[in-house]
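The structure under discussion appears below in the form of structure tokens.
The values are calculated or read from the model by the stated rules, or taken from the named source; none is laboratory data. As the structure is a computational prediction, the values presented were derived from the model and not from experiment. Backbone-built Cβ (ideal geometry, glycine too); neighbour counts: all protein chains shown.
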């Protein structure tokens, strides 16, 4: 479990999941690590933050009387076959869990508010009004805070979209994904904030694309496609007229359709002619687009989409950045439904950085057609393994009920 605690509670044996500050504020090699001794405790407290985030599955919990042996890895359990006593056609009653700051309920509220704010902004721009950064910046701060605290709470929500709301939901999703991506690259937090602003606003030019083109449920004509492509130019024009916008945010919006081999638009920039932020945005924009359900397009499974990104990195995307993005979201992204070798279905709960093919999952369903008593498994320590990706809709499972807590 990911928990936010006062820094005064930190003790040896705990696993720091997040130091709750930017990389420039501390001199640790990594932002996540096991606290091995009192010297490490003193160093963390010396940073000056009031709270930190710990992972109680990888280290000790906050109980001061806990035995140090709790941090040791348990023996690998045998995969347990579902029994009739544990099987049910209906989902089991939801367990009551304490909501932590930055947790699932906070992330859901943030996701709802973000979608509404972006929707309202696009309506205002369509009416000829200017983008108001003072309305966007507090939202972006909350998104960045959420990703830094526990990206597994917000990113799964960003994957859930409605056909008729794609444009603004895509903007929120790209913002969350870009924040996680930049964090993986260890970009300073103040720069991540500007990247996130650019990501949230990257498609603002679509407010100037006619609805009949923007929401057309079929293939665009050549003329319509040229009109659609012009949204990038319109985004740049709109943002250049926005007081307080940064060059970093502008690069994200103006370059997210450029390609590493020079085949993109609007300026056919190539390689280092494209800023780092534009190269990142190109990857994230395509990933979110091809994994999303649209009226005219069935979304790819995340694993298939990542394979396509690797394939396209031979020309369109910078290979090292594609690999970093895959590390960021995970081969089996948090919140995804996967099939195990035991014929059980499980929802990915968290990534294991050292074993990307073996995340932590919650088993919920059997392919024989019945629910199971929910059981959390760390696949690093199990003989069961993932054999494929599944769609929630194919099994009539509500994804919102089973997203990571």
Q: Among the residues of the stretch 221-256, count how many are farther than 26 Å from residue 135 by Cα and not in a helix (DSSP H, G or I).
A: 1
Q: Please verify whether the stretch 80-88 includes one or more residues that are more than 30 Å from residue 396 (Cα to Cα), in contact with a strand residue (DSSP E or B) (Cβ under 9 Å, 6 or more places away or on another chain), part of a loop (DSSP other than H, G, I, E, B) and modelled with pLDDT under 80.
A: no
Q: Considering each residue of the stretch 359-401, count those that are surrounded by fewer than 17 Cβ atoms within 10 Å (Cβ to Cβ) and within 19 Å of residue 327 (Cβ to Cβ), and give that number.
A: 1
Q: Among the candidates 305, 289, single out the residue that is assigned to a helix (DSSP H, G or I), in contact with a helix residue (DSSP H, G or I) (Cβ under 6 Å, 6 or more places away or on another chain) and under 26 Å from residue 215 (Cα atoms).
A: 305
(Q) Go through the stretch 170-186 and report how many residues are without any contact (Cβ under 8 Å) to a residue 60 or more places away in the chain and more than 15 Å from residue 106 (Cβ to Cβ). (A) 2
Q) Can you find a residue in the stretch 314-329 that is touching a strand residue (DSSP E or B) at 6+ places or on another chain (Cβ under 6 Å), outside the structural domain of residue 54 (by TED's automatic domain parsing) and either surrounded by 13 or more Cβ atoms within 10 Å (Cβ to Cβ) or modelled with pLDDT of 95 or more (or both)? A) no
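Working carefully through the options 1, 14, find the one that is surrounded by 13 or more Cβ atoms within 10 Å (Cβ to Cβ) and at pLDDT 85 or above. Steps first, answer last, please.
Numbers: 1 fails: at pLDDT 85 or above.
None of the other options fit; the residue is 14.
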(Q) For the stretch 112-120, check the following and say yes or no: at least one residue is assigned by TED's automatic domain parsing to the domain that holds residue 202, surrounded by 10 or more Cβ atoms within 10 Å (Cβ to Cβ), modelled with pLDDT of 60 or more and part of a loop (DSSP other than H, G, I, E, B). (A) no
Q | Of all residues making up the stretch 134-149, the number that are in contact (Cβ under 8 Å) with a residue 60 or more places away in the chain, crowded, with 17+ Cβ neighbours inside 10 Å and either assigned by TED's automatic domain parsing to the domain that holds residue 16 or in contact with a helix residue (DSSP H, G or I) (Cβ under 8 Å, 6 or more places away or on another chain) (or both) | A | 4
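Sort out which residues of the stretch 161-203 are outside any helix (DSSP H, G or I) and closer than 22 Å to residue 302 by Cβ, and write them in order of number.
Matches in the stretch 161-203: 161, 162, 185, 202, 203.
Could you identify the single residue in 36, 43 that is in a loop (DSSP other than H, G, I, E, B), modelled with pLDDT of 80 or more and out of contact with any strand residue (DSSP E or B) (no Cβ under 8 Å at 6 or more places or on another chain)?
Values: 43 fails: in a loop (DSSP other than H, G, I, E, B).
Only one candidate passes the filter, namely 36.
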Q. Within the set of pairs 6 or more residues apart or between chains, which connect a residue that is in the same structural domain as residue 348 (by TED's automatic domain parsing) and closer than 18 Å to residue 327 by Cβ inside the stretch 295-309 to a residue that is surrounded by 14 or more Cβ atoms within 10 Å (Cβ to Cβ) and at pLDDT 90 or above with Cβ atoms less than 7 Å apart?
A. none
Q.
I need the full set of residues from the stretch 334-358 which are out of contact with any strand residue (DSSP E or B) (no Cβ under 6 Å at 6 or more places or on another chain) and surrounded by 23 or more Cβ atoms within 10 Å (Cβ to Cβ), in order please.
A. 335
